Amino acid sequence: MSQALYLLDPDPAPPWAPFAGVRPLCELRAGAHLVRERWESFVGAEASAIFGLPHLAGFPEPGVPPVEARRAVAGPAVIGSSTFAPRGLAPDLPDTAVRLTHGGITVGWAVPAGGTWSGPLPHAQAVEVEGVVLRGVFDLVPALERLLKEDLLGLLGDSDPVPRAAIVIGDPAWLSLHEAAVEPGVIFDTTGGPVVLESGVEVKAGTRLEGPLWVGANTRIVGGPIRNSAIGPWSVVRGELATTVFLGYANKSHDGFVGCSVLGRWVNLGAGTITSNLKSTYGPVRLDVAGARLETGLTFLGSLFGDHAKTAIGTLLSAGSVVGAGASLFDGVRAPKYVPPFAWGGASAERMTREGFLAIVERVLPRRSVAADDPMRAYVGRVYDWLTR
């Protein structure tokens, strides 16, 4: 009997900045796939709903199931945590209530036909599953090391021929092209892992692509060395990029190093924006989120950019910087380590107005053929109100 799938977002907390309250957290990218997509492959069913914050109801991105308040679920069903990225397929589950665990941590629940889930089940049978526990947004960076190569091996298969004027270093069988337009002289290096370009990707001359690397549909790569990254659809990338996650629809179309970072949708990095991803002490990177200090335990960590964040030309960001959703950085070369949502300038307490932010959204979205329609405007307004409450 098939099982229904529900995703359970955590309560908002500093480790999930700058995306908490902005998007369902299962819509973050862990490896080449969204967390939701990983659960859907794991269970073998599309998600029926996301249990998240009320103001995210009507979340307007295509393909996302409804966002609802947490409620009772009738079995057979799996309730998966958005803080866990599964690997492979779910094991056969016993015909009883199940607590899915990884390393002793609860990462989901399952109830059989006739059962009901409405919260933790104290007497459920523990079943260990494979995957990666996410302690916060920052863990999407090391998740690349653990998940991306395996994801790409699963995506290899039929491929368009390698362009004759391209240079391939490593095994050509680890290169997968799907209706990609590749200019002469592009270098593909698969010695570290596969390189997968989805439909409609453009790659300009002067680009070096090093695996493991996934590039989503309709993205433009316009020059520079790019490695060990997952770049979502409809993005533009130029300059050195390493170990970085793009959710999609983001713009880094100029030179400047970005490494060990996470970019939300509609992020725009001005020319010469540079992220540091290593402290001068070589010690673990800490985050400062609205006064809350977080120990990541990571030696390499760049910047976390929320949806619609923007930087001016020449912006420099310290290791472990967090830039809130909708923030615009322009009044200093070196940005603060924490920039609150909708900051106007970055260093001051000034914020963008609700009307001003909506006006920017209405100008930006059509540039990627996305309608700034009433549902989108309503969602953006609710997010603004929640983050500035």
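Things worth noting here:
- Estimated [θ] at 222 nm from DSSP helical runs (n ≥ 4, -39500 (n - 2.57)) normalised by residues in the chain, nearest 500: -4000 deg cm²/dmol
- The relative contact order of the chain, computed from alpha carbon pairs under 8 Å that lie at least 6 residues apart in sequence, is 11 percent.
- Inter-site label distance for ASP385 and ILE187 at 7 Å from Cα along Cβ, in nm: 5.3 nm
- Leading residue at positive end of dipole, the chain (Cβ point charges), from GLY324, PHE19, PRO122: GLY324
- Overall size of the range 243-357 from C-alpha positions, given as principal axis extents largest first: 42, 31, 25 Å.
- For the chain, the Cβ-based charge dipole about the Cα centre amounts to some 1080 debye (Lys, Arg positive; Asp, Glu negative; other atoms uncharged).
- Between the listed residues PRO225, ALA290, THR96, the Cα displaced farthest toward the positive end of the dipole of the chain, a dipole computed from Cβ unit charges relative to the Cα centre, is found at ALA290.
- Where trypsin sites (Lys or Arg not before Pro) fall in DSSP loop in the range 110-203, at most 11 other Cβ within 10 Å: ARG164
- Between the range 322-337 and the range 254-314, the C-alpha centres lie 10 angstrom from each other.
- FRET efficiency, ASP288 to ILE360 (Cβ-Cβ, R0 25 Å, nearest 0.05): 0.40
The numbers here are math on the coordinates, done by the rules we state, and not lab data. None of the values given here were measured: they were computed from a predicted structure. So basically every Cβ, Gly included, is an ideal-geometry build from the backbone, and we count neighbours across all protein chains shown.
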